[in-house]
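Worksheet: one structure, shown below.
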Amino acid sequence: MKVHPSDRSFDKRYTKALKEAGRIVSRKNTKRSEIASLLKKLKKKNLSGLEKEEVRVKLKRRLSEALVEGEFSRRATRTTSMVFANLIMEGIEMVHAKPGDSIIMYLKCKSVKSLLSLRDMVLSGFLLELLSDAIEDFIQVRLQIQLIITSDDYNLCLSYLSSVAGKFIRLLLLVLNVLSKVVYIF
């Protein structure tokens, strides 16, 4: 993510907050946790649309509560919990973030289905919208944000998955840039 003029201190601050949020969510998403129970409920085929939405709302609420308990910034809690809720509902976990010329997020997809869900979130603009809202709440400024996933990164993940069928996809690299008008995807 790039801020114009370039602001490496923002990259570092936001990366630190993003990693902390990821740690909090990861600690709350254990095998016997309420979060895991809610995720399991969402996978049931006999739930109505309304019932699924009620479970999603509970999941987002629990993640928001966990972020607040973990002393995550209150101003960005709602939108950040939305990012992580949508990722974990699709079987995607943020495993690392680091500042560079932009902010780089490393995501672990747990299956081909989760990788394809991530692709759909990117292509539809949904992931960009979620991340943009979280970033803007964090800094309280409206910015243009660019999400870049190179075809090499995506194909590397897909080929890795093909070569070790049944295993986890290692990492998918997401790069966020601010103040760019063109979105390059694949």
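Against the condition assigned to a loop (DSSP other than H, G, I, E, B) and either in contact with a helix residue (DSSP H, G or I) (Cβ under 7 Å, 6 or more places away or on another chain) or at pLDDT 90 or above (or both), how does residue 3 come out, does it pass?
yes
Residues that are among the polar types (S, T, N, Q) and in contact with a strand residue (DSSP E or B) (Cβ under 8 Å, 6 or more places away or on another chain) within the range 70-122 comprise 102, 114, 117, listed in sequence order.
For residue 85, are the conditions met, namely being in contact (Cβ under 8 Å) with a residue 60 or more places away in the chain and either out of contact with any Lys or Arg (no Cβ under 8 Å at 6 or more places or on another chain) or closer than 26 Å to residue 139 by Cβ (or both)? Steps first, answer last, please.
Values: in contact (Cβ under 8 Å) with a residue 60 or more places away in the chain: no; either out of contact with any Lys or Arg (no Cβ under 8 Å at 6 or more places or on another chain) or closer than 26 Å to residue 139 by Cβ (or both): yes.
No.
Given the options 58, 108, 16, name the one that is in contact with a Leu (Cβ under 8 Å, 6 or more places away or on another chain) and closer than 22 Å to residue 133 by Cβ.
Numbers: 108 fails: closer than 22 Å to residue 133 by Cβ; 16 fails: in contact with a Leu (Cβ under 8 Å, 6 or more places away or on another chain).
Criteria check complete, one pass: 58.
Suppose the filter is in a helix (DSSP H, G or I) and under 18 Å from the mean Cα position of the chain (by Cα); does residue 15 pass it?
Details: in a helix (DSSP H, G or I): yes; under 18 Å from the mean Cα position of the chain (by Cα): yes.
Taking the combined requirement at face value, the residue satisfies it.
Report the residue count in the range 26-37 for those that are under 15 Å from residue 92 (Cα atoms) and exposed (fewer than 12 other Cβ atoms within 10 Å of the Cβ). Total meeting the criteria: 1. Listed by first and then second residue, the pairs with beta-carbon distance under 8 Å, at least 6 apart or on different chains, first residue in the range 62-76 and closer than 12 Å to residue 137 by Cβ, second surrounded by fewer than 20 Cβ atoms within 10 Å (Cβ to Cβ) and among the polar types (S, T, N, Q), are 75/140.
Go through the range 28-60 and count every residue that is touching a residue at least 24 places away in the same chain (Cβ under 8 Å) and either assigned to a helix (DSSP H, G or I) or of a type in the set (Lys, Arg) (or both).
Initial filter on the range 28-60 (touching a residue at least 24 places away in the same chain (Cβ under 8 Å)): 28-29, 34-35, 38-39, 42, 56, 59-60.
Narrowing the set further to residues that are either assigned to a helix (DSSP H, G or I) or of a type in the set (Lys, Arg) (or both) leaves 28, 34-35, 38-39, 42, 56, 59-60.
Counting residues in the range 28-60 that are touching a residue at least 24 places away in the same chain (Cβ under 8 Å) and either assigned to a helix (DSSP H, G or I) or of a type in the set (Lys, Arg) (or both) gives 9.
In the range 38-80, the qualifying residues are those that are surrounded by 12 or more Cβ atoms within 10 Å (Cβ to Cβ) and farther than 30 Å from residue 14 by Cα, and the one that is nearest to the chain's Cα centre (by Cα) is 42.
The values are calculated or read from the model by the stated rules, or taken from the named source; none is laboratory data. In this text, all values refer to a predicted model and were calculated from it rather than measured experimentally. Cβ coordinates were reconstructed from backbone atoms using ideal geometry, including for glycine residues, and neighbour counts include every protein chain displayed.
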